[in-house]
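The values are calculated or read from the model by the stated rules, or taken from the named source; none is laboratory data. The model shown is predicted, which means the values in this text are computed figures rather than measured ones. Heads up, the Cβs are rebuilt from the backbone with ideal geometry, glycines too, and the neighbour counts pull from every protein chain shown.
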Amino acid sequence: MAPTLFDEKPNLGDLIEVHRGSYQHWAVYIGNGFVVHLAPPCEVANAGSNSMMSVLAEKAIVREDELWDVVGTDKWNVNNSLDEKYTPRPAEDIVREARRRVGQEVPYCVFRGNCEHFVNELRYGQAESRQVRRAGETVMYAGMAAAIGLGFVALAGAFFGGNKEEKEKNKQ
């Protein structure tokens, strides 16, 4: 079951990670049960960023919505784990900048400018997405594994297979 505000109380400027199955949606807590987040222009409250449109859109709108309208029934948590890497900006500055951006249409790219990039830039002044980095690492490791596997197949073929013409000559 997803936590309630009574289970986990976010502080001003905290980053909210919403677990959406294969990806996470991100928002920044601005107080009184509200968050600021990126959403595709076609999205309405209560849809969260649950649709594939959020991944495919080229533009996003900076929205202020109630936390529960964004979270819905999904699991969520406060995730400020980049505090170990970057110094967070003062909470008042994070909230002020987030509110100033509400209503703006911004370019959206799942790889270079997604909702996680957006909230990390608000909190730390650094646009970073760990889920994009992890996805890239997964693809890289899968590619390396495939290349190694193909290398073994080629090596085994060269070692055990020999040349077909050469085998035919040896049979004669």
### Task
Might you let me know whether segment 66-80 holds any residue that is farther than 14 Å from residue 12 by Cα, of a type outside the set (Asp, Glu) and without any contact (Cβ under 8 Å) to a residue 12 or more places away in the chain?
no
### Query
So which of 128, 137 is in a helix (DSSP H, G or I), at pLDDT below 95 and either within 18 Å of residue 39 (Cβ to Cβ) or not hydrophobic (A, V, I, L, M, F, W, C) (or both)?
137
### Query
If you take the residues of segment 79-97 that are closer than 15 Å to residue 36 by Cβ and not basic (Lys, Arg), which of them is surrounded by the most Cβ atoms within 10 Å (Cβ to Cβ)?
94
#### Entry: Selection within segment 90-111 - part of a helix (DSSP H, G or I) and touching a Gly at 6+ places or on another chain (Cβ under 7 Å)
91, 94, 95
### Message
Cβ contacts < 7 Å: first residue over 16 Å from residue 61 (Cα atoms), restricted to segment 106-126; second residue surrounded by fewer than 18 Cβ atoms within 10 Å (Cβ to Cβ) and hydroxyl-bearing (Ser, Thr, Tyr), any location; separation 6+ or different chain. Result?
### Response
124/86; 126/86
